[in-house]
Amino acid sequence: MSGTQDAPPALGTVTSAISNAVVRLLAEYTGRGPTKARTYMHDDYVAVVLQDTMTKGERSLVRDGKVDLVLDTRKAYQNTMRADLIAAVERLTGRTVLAFLSDNHVDPDIAVESFVLAPQDGAGAGEET
């Protein structure tokens, strides 16, 4: 075969790679990664839904009523990891991240990492409302 260009990776391959990258980064920063992760991509939006993210210490703090402390600590981790998370998504999607939003929920233990991507060349930015 000659003269063929590499095809873009399949969506499932990209979403799986994003999930793996986010889990790896969370484990590096917090000492423990989530046990479940699933990435959803649509147009200019990427959402990574993570389950079972809290460390043993965080779960103990929640049991002792220190939910706000755990959420504040998670927010600090997310702010610290921001550049690495954005870099991973940009590398894996080949697109620029315009915005990163992140939040955690304690019961159930779920986190969401969201990325808004710049429109692809030649594509519209979506409908404005």
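Where a number appears in this text, it was derived from the coordinates with a stated rule and is not lab data. Predicted, not measured: the structure shown is a model, and the values here were computed from it. So basically every Cβ, Gly included, is an ideal-geometry build from the backbone, and we count neighbours across all protein chains shown.
Just to be sure I understand: with springs between alpha-carbon atoms less than 10 Å apart, which residue in ASP72, ASP109, ASP64 has the highest mean-square fluctuation in the Gaussian network model of the chain?
Greatest mean-square fluctuation among the candidates belongs to ASP64.
If you stretched the chain out fully between ASP64 and ARG82, how much longer would it get, using 0.36 nm times the residue separation minus the C-alpha to C-alpha distance? Don't skip to the answer; put the middle values down first.
Values: separation 18, 0.36 × 18 = 6.48 nm, distance 2.89 nm.
So the chain would gain 3.6 nm between ASP64 and ARG82.
Which one, LEU101, ALA87, LEU61, projects farthest toward the positive side of the charge dipole computed for the chain from Cβ point charges (K/R +1, D/E -1)?
Looking along the dipole axis, the top candidate is LEU61.
Determine, for GLU90, GLU58, GLU113, the number of other Cβ atoms within 10 Å of each Cβ, and report the residues in order from fewest to most. Present the calculation step by step, with values, prior to reporting the outcome.
Working: GLU90 15, GLU58 22, GLU113 25.
Arranged by neighbour count, lowest to highest, GLU90, GLU58, GLU113 become GLU90, GLU58, GLU113.
Which cross-chain or sequence-distant (5 or more) residues have an amide H under 5 Å from the amide H of ASP109, H modelled 1.01 Å from N in plane?
For ASP109, whose amide H was placed from the backbone, the distant partners under 5 Å are ASP52.
Can you match Cα Rg over 2.2 N^0.38 Å to one of these, (i) 1.20; (ii) 1.49; (iii) 1.09, based on a calculation from the structure here?
Matching entry in (i) 1.20; (ii) 1.49; (iii) 1.09: (i).
With springs only between Cα atoms under 10 Å apart, run a GNM on the chain and tell me which of ARG63, ARG24, ARG38 wobbles the most.
Comparing ARG63, ARG24, ARG38 in a Gaussian network model of the chain, the most mobile one is ARG63.
Using a 10 angstrom cutoff on alpha carbons, build the Gaussian network for the chain and name the most mobile of PRO34, PRO119, PRO108.
PRO108
Only Lys, Arg, Asp and Glu count, each charged at its Cβ (+1, +1, -1, -1), so figure out the dipole size of the chain about its Cα centre, rounded to 20 debye.
Values: 13 positive and 18 negative charges, 122 e Å.
With only Lys, Arg, Asp and Glu charged at Cβ, the dipole is about 580 debye.
So, counting K/R as plus one and D/E as minus one, what does the shell of residues with Cβ under 15 Å around ASN104 add up to?
Values: positive: ARG32, LYS36, ARG59, LYS66, ARG74, LYS75, ARG82; negative: ASP52, GLU58, ASP68, ASP72, ASP103, ASP107, ASP109, GLU113.
After counting each charged neighbour, the total is -1.
How much net charge surrounds THR35 when only the other residues with a Cβ under 10 Å from the Cβ of THR35 are counted, with Lys and Arg +1 and Asp and Glu -1?
Details: positive: ARG32, LYS36; negative: ASP52, ASP109.
Every neighbour counted, the sum reads 0.
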